[in-house]
Amino acid sequence: MTSPAKPTVQQIRQVLENAIVDGRFVPGEKLDLEALAAEFACSRTPIREALQALEASGLVKVEPKRGTFVTELDVVELTERFEVMAELEAMCARLAATRASGPELARIHDAQAACDEAARTGDSDAYYHENRAFHLAIYAASGNRFLEAEAQRLQTMLQPYRRRQLTVRGRMMRSLQEHATIVSRIEAGDAAGAAEVMNAHVRIQGDRFHELVASLRTG
């Protein structure tokens, strides 16, 4: 009988990335290399290599003599990254309004319908996953592969925080309503309007800023 194949560094990196994005490992948490090596049934070497890749993407931070920690952004860092994220997603929406094909619009609609179902059942975990699919569909519809990749990269870094926002009372339904406006602007070919609404949807300011800060303190 042959023994199970050892996981590759890429496979380990993907599993750990998903674990961070999905909230299994939370911002500020220290990662136990020995426990991870046991979990993946491998040596510490591929674990270290996978964590180095995650550090390059901004999801973890290696601190000499202390260990590896899930990246924890302070309020200023979060605000700066959400500002950039809002601009990138606004650009995606603007381009999608003039470039989206029929199948790409259908993909956006399908994602929005799934978000609607999750929001109406109050399932924040399901909404989180469908919301990500909604935004990814708009990135793809931009027709700009470089922009799509950059938006995905920053989205991955911010997912633990975007997910936490969804636990704020009423946020899912507000998000759903904002989605509907974004879709209508894209369908109408209103590039400027789609960009404006998407920017406001992603940017944290005013009440949403205070909601995020409160969720971080109670998370």
> Do you know the relative contact order of region 1-80, to the nearest whole percent, from alpha carbon pairs under 8 angstrom that are 6+ apart?
Replying inline: 34
>> Suppose the chain between ALA5 and ASP125 were pulled fully straight at 0.36 nm per residue; how much longer would it get relative to their current alpha carbon spacing?
In response: 40.0 nm
> Taking 1 over the mean of 1/r across every pair of different Cα atoms in region 137-177, what Kirkwood radius in Å do you get?
Replying inline: 11.6
> Under a Cβ-Cβ cut-off of 11 Å, what is the net charge of the residues other than CYS115 that fall near it, where Lys and Arg count +1 and Asp and Glu count -1?
Replying inline: -4
> If you add up the charges near GLY58, with Lys and Arg at +1 and Asp and Glu at -1, over every other residue whose beta carbon is less than 15 angstrom from its beta carbon, what do you get?
Replying inline: -3
> Based on Cβ point charges of +1 for Lys and Arg and -1 for Asp and Glu, what charge dipole magnitude is obtained for the chain about its Cα centre, in debye rounded to the nearest 20?
Replying inline: 340
> In units of 2.2 N^0.38 Å, what is the alpha-carbon radius of gyration of region 53-136?
Replying inline: 1.45
> Just the accessible area per residue of region 1-87, please: how many Å² with a 1.4 Å probe?
Replying inline: 59
> In bins 5 Å wide, starting from 0, what share of all Cα pairs of region 32-102 does each bin hold, as a percent?
Replying inline: 3, 13, 15, 16, 12, 9, 11, 10, 6, 4, 0
> Which residues' amide hydrogens lie under 5 Å from the amide hydrogen of VAL60, considering only partners 5 or more residues apart or on another chain, with H built in the peptide plane?
Replying inline: GLU55, THR71
> How big is the equivalent ellipsoid of the chain along its three axes, where each semi-axis is √(5λ) from the Cα gyration tensor, reported in whole Å from largest to smallest?
Replying inline: 33, 20, 16
> Between the helical axis of 102-121 and the dominant principal axis of the chain, each derived from Cα atoms, what acute angle in degrees is found, rounded to the nearest 10?
Replying inline: 80
> Residue farthest toward the positive end of the dipole of region 62-192, with Cβ of Lys/Arg at +1 and Asp/Glu at -1: which of LEU105, ALA93, ALA149?
Replying inline: ALA149
> Helix 206-218 sits at what angle to the longest principal axis of the chain, using alpha carbons and giving 0 to 90 degrees rounded to 10?
Replying inline: 20
> For the pair GLU87 and ARG44, what calculated FRET efficiency results from E = 1/(1 + (r/R0)^6), where r is the Cβ-Cβ distance and R0 = 45 Å, to the nearest 0.05?
Replying inline: 0.70
> Seen from all sides and averaged, what is the projected area of the convex hull of the Cα atoms in region 1-69, in nm²?
Replying inline: 4.8
> When every alpha-carbon pair in region 105-189 is counted, what percent end up more than 23 Å apart?
Replying inline: 20
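The values are calculated or read from the model by the stated rules, or taken from the named source; none is laboratory data. Predicted, not measured: the structure shown is a model, and the values here were computed from it. Every residue, glycine among them, receives a Cβ derived from its backbone with ideal geometry; neighbour counts consider all protein chains shown. Quick note on the areas: whole protein, heavy atoms, side chains included, nothing else; ligands and nucleic acids left out. Shrake-Rupley method; radii C 1.70, N 1.55, O 1.52, S 1.80 Å.
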